[in-house]
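Let me begin by presenting the structure, written as structure tokens, before commenting on it.
The values are calculated or read from the model by the stated rules, or taken from the named source; none is laboratory data. Computed from a predicted structure; not experimentally measured. Cβ coordinates were reconstructed from backbone atoms using ideal geometry, including for glycine residues, and neighbour counts include every protein chain displayed.
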Amino acid sequence: MTIVTSELEIENHMRLLVAAPRGFCAGVDRAIEIVEECLRKFGKPVYVRHEIVHNKHVVNELVSKGAIFVEELDECPDDRPVVFSAHGVAKAIFGKAKERNMNYIDATCPLVTKVHLEASRYHEQGYQLIMIGHKNHPETVGTMGQLPPGEVLLVETIEDVFKIEPKNENKLAFVTQTTLSVDDTSDISSALIKRFPTIIAPHKEDICYATTNRQNAVKYIAPLIDGLLVVGSTNSSNSRRLVEVGKKAGCNYAQLIDSPSDIDWRAIIGSKSMGLTAGASAPEAIINDVIYEFEQRFKVEIEYIEVTKENVHFKIPREIRN
């Protein structure tokens, strides 16, 4: 790393602000550890229903170790262990696995499980649920699948709030997907409360700490940079939200990249300062690769901006611990 003292003396100077927290959260760490521990305990192959986390580098690394990723339980044999992804699954999936006497291990993030339990508790109390989330995202599908069909209404936008038709407007509660934009979710929540004044909100914010922290870090560095690069795969909800947050916070340029090869260097010509962060499922190694590429092209002054510290750790299931 080269520290530059005079920007005026060096034509290709670049200030790179690396936000923290960034990259793996506790739920992602736990999910990856579960697959790796299953491979050690049960040998190859271990099946994983859906991508364990939404990052192709993580998936490819686990494939090289002996994991086989599938989309449906029907693709798994009865005699090999299967891991359910960090996004969570519908209750029906657990039922099918039990019917087949499969050895299944649940890698659902504990913060997603908290939302599942909230939804079930509200349902038992006679409330119809509204879920703020993205249609067809596996976490949304899994959460809605905790209750019978029709018991969860999905809203993705403020406009959706005024289109839904609940069974009883005075007996409603809502939950949210954990990886949404904090600001957008707040606006939708406000719209729900405005239309349904008696609706019950979550006892504690459903959006996970890691999503919130990474978005806050982007908001903090946004006024200091000309553009923002977010490391993460295109199917990663929390990574895409970071791009949106950067743009709303005033970044003239914000781009999602899966690896350094995705960087459009022409687009940042003339920039004096760039921000770098990563979604909660992006490996630190890819972030380091991006920093390396900047060092090859510019006289780089790197600043690590830590907005908050994360000390969260989730234990893996007891049945596969060493």
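From the set of residues in the range 96-117 that are in a loop (DSSP other than H, G, I, E, B) and aliphatic (A, V, I, L, M), which is surrounded by the most Cβ atoms within 10 Å (Cβ to Cβ)? If we take residues in the range 96-117 being in a loop (DSSP other than H, G, I, E, B) and aliphatic (A, V, I, L, M), then Ala107 is surrounded by the most Cβ atoms within 10 Å (Cβ to Cβ).
Of a type in the set (D, E, K, R), touching a residue at least 60 places away in the same chain (Cβ under 8 Å), not in a loop (DSSP other than H, G, I, E, B) and not assigned by TED's automatic domain parsing to the domain that holds Arg240 - does that describe any residue in the range 10-17? No, the range 10-17 contains no residue that is of a type in the set (D, E, K, R), touching a residue at least 60 places away in the same chain (Cβ under 8 Å), not in a loop (DSSP other than H, G, I, E, B) and not assigned by TED's automatic domain parsing to the domain that holds Arg240.
Scanning the range 167-191 for residues being surrounded by 20 or more Cβ atoms within 10 Å (Cβ to Cβ) and part of a loop (DSSP other than H, G, I, E, B) gives a total of 5. Exactly one condition in (1) surrounded by 24 or more Cβ atoms within 10 Å (Cβ to Cβ); (2) among the polar types (S, T, N, Q); (3) assigned by TED's automatic domain parsing to the domain that holds Gly270 is not met by Asn216; state its number. The single condition Asn216 does not satisfy is (1). Checked against (1) surrounded by 16 or more Cβ atoms within 10 Å (Cβ to Cβ); (2) of a type in the set (A, V, I, L, M, F, W, C); (3) free of Cβ contacts under 8 Å to residues at least 24 places away in the same chain, Val70 passes all but condition (1). Would you mind finding the one in Ala282, Ala254, Ala249, Ala278 that is surrounded by fewer than 22 Cβ atoms within 10 Å (Cβ to Cβ), of a type in the set (A, V, I, L, M) and touching a helix residue (DSSP H, G or I) at 6+ places or on another chain (Cβ under 8 Å)? Step by step, each of Ala282, Ala254, Ala249, Ala278 is checked, and only Ala249 is surrounded by fewer than 22 Cβ atoms within 10 Å (Cβ to Cβ), of a type in the set (A, V, I, L, M) and touching a helix residue (DSSP H, G or I) at 6+ places or on another chain (Cβ under 8 Å). Identify, please: which residue in the range 207-234 is touching a Gly at 6+ places or on another chain (Cβ under 8 Å) and in a helix (DSSP H, G or I) and is, among those, farthest from Gln177 (Cα to Cα)? Here the residue is Leu224.
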